[in-house]
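Down below is the structure, laid out as structure tokens.
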Amino acid sequence: MGVRTPRLSPRSGAGPADRAAAAFREAYGRPPDGVWSAPGRVNLIGEHTDYNDGFVTPFALPRGVAAAAERRDDGTLEAWSLQRPDERARTPPAELAPGAVEGWSGYVAGVLWALRSAGHAVGGASVVVDADLPVGAGLSSSAALECATAAALDELYGLGVPRPELARLAQRAENDFVGMPCGIMDQSAALLCRAGSVLFLDTRDLSVEQVPFDVAAAGLTLLVVDTNAPHRHVGGEYAARRRDCERAAESLGVAALRDIGEDELAAALGRLGDPTLRRRTRHVVAENARALEVVRRLRDGDVTGIGSLLTASHASLRDDYEVSWPQADVAVEWALSAGALGARMTGGGFGGCVIALVPEADVETVRGAIERAYAEHGWDPPDFLPATPAAGAHRVT
Ligand code: GLA
């Protein structure tokens, strides 16, 4: 019997760290050397900007992936997941090569490969993972898996790799081993986020600022709505968007779209012949400006003031970047009409989650409005999770 990935409804009982440790003990007859945990993330704003050298503002969720792990002397990686108990992956050192490890364990193997490729002396490991983050919901479960593994291997082998470098290596695992050309946001979020703050990351120089984000103090809730429309064809569409941006930057003679300021946008659009590239450029340039403005407002303690920027971000992702999906558009529309101050899709798009900034008194009304709209469309009901910024990857035991 497969273990179902839990959805977003609040749950009780043992968490993934306890379950992974217990499963490890059962499988190997001894406790693991340790258990490490890495969170999923929500991106507040700055979407599809990270591979354009731009700005992002993710925060960690109090849910993620736990890895119970032990060193092995034979150089082999043995990995299994409580979500897929029938697929035990065993990768001897000679087989650790890009493209050679399929499925979820490719993310684990990829991290080991990336560490070794960077010259770190890492032997084998036995790893048992468990998660309380829905897979395919756009909450970055793959980066959580990579980063729980990275934190585990780093400590098991006493490497002391600085966290920003560990994020680069986890991204490399995903880009070069798994073959998904993602940016650096998700791995940075999983490794660098702190409780109570959003991570303001400049993806050009990787400088970070922890910006306090206390929605409750402002009488608000940040509601995560899992639209229960899982990603589809994400890899191909994502890579296509990335290529569009690279072509636009090349036509404009800049290293990345980050180099176009908002005041230069009109002139830049005039120089781009292709209407698709114009739309993509307009999104990226405006989104970077919105992200900077959100950070400015948060630094001033103006949480309420970010709502309209979130909504503008959604419109831009829907109309110019074309990565939204019907369930997200409906969730945003009904959240706003039921009292949300702002709402947007979060993550790569084509399925996954929406976030809505909602006055506490209106949370039930917003939930009800979205549920009713979904029922009228005949869609699967959404799941809801009020989110507060949690800690990044850490050792649990
Ligand atoms: C995915 C990628 C990130 C980022 C977002 C969009 O989550 O993994 O690097 O590009 O999409 O902002």
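Side notes on the structure shown:
- Remark: C-alpha extents of the chain on the principal axes read 60, 49, 40 Å, sorted largest to smallest.
- For the range 224-279, the carbon plus sulfur part of the accessible surface works out to 47%, probe radius 1.4 Å.
- In the chain, a dipole from Cβ-located charges (positive for Lys and Arg, negative for Asp and Glu) runs towards its positive end, and of Tyr157, Pro58, Gly219 it is Tyr157 whose Cα lies farthest in that direction.
- Residues of the range 209-307: accessible area per residue with a 1.4 Å probe, Å²: 45 Å²
- Mean residue ellipticity, 222 nm, helices only, the chain: the sum of -39500 (n - 2.57) across DSSP H runs of n ≥ 4, divided by residue count and rounded to 500, is -12000 deg cm²/dmol.
- Residue-count net charge about Gly305 - beta-carbon cut-off 11 Å; Lys, Arg +1, Asp, Glu -1: -1
- Note on Asp86 and Arg395: with the Förster distance fixed at 45 Å, the Cβ-Cβ geometry gives a FRET efficiency of about 0.95.
- When peptides 386-393, 175-182, 126-133 are ranked by their average number of other Cβ atoms within 10 Å per residue, the highest-first order is 126-133, 386-393, 175-182.
- Angle in degrees between helix 141-156 and the longest Cα principal axis of the chain, rounded to the nearest 10: 40 degrees
- Cβ-based charge dipole, the chain, positive-most Cα from Thr91, Ala167, Ala131: Thr91
- Seen from a random direction on average, the alpha-carbon convex hull of the range 63-219 projects onto 9.8 square nanometres.
- Backbone N within the range 326-359 under 11 Å of label point (7 Å from Glu376 Cα along the Cβ vector): 334
- Computed over the range 311-397, the alpha-carbon pair-distance distribution with 10 angstrom bins reads 17, 46, 27, 9, 1, each value a whole percent.
- Taking the square roots of five times each eigenvalue of the Cα gyration tensor of the range 216-386, the equivalent ellipsoid has semi-axes of 31, 20, 11 Å, listed largest first.
- Taken about its Cα centre, the chain carries a charge dipole of about 360 debye when Lys and Arg each add +1 at the Cβ and Asp and Glu each add -1 at the Cβ.
- In plain terms, the chain from Tyr157 to Ala216 could stretch by 17.2 nm, reckoned as 0.36 nm per residue minus the Cα-Cα distance.
- Within the accessible area of the range 329-397 (1.4 Å probe), percent carbon and sulfur: 53 percent
- Net charge in the neighbourhood of Ala190 (other residues with Cβ under 9 Å of its Cβ; Lys, Arg +1, Asp, Glu -1) is -1.
The values are calculated or read from the model by the stated rules, or taken from the named source; none is laboratory data. Just so it is clear, the model here is predicted, and its values are computed rather than measured. A quick note on method: Cβ atoms are made from the backbone with ideal geometry, for glycine too, and the neighbour counts reach across all protein chains shown. Please note that ligands, DNA and RNA were not included when accessible areas were found on the heavy atoms of the full protein model with its side chains. Shrake-Rupley method; radii C 1.70, N 1.55, O 1.52, S 1.80 Å.
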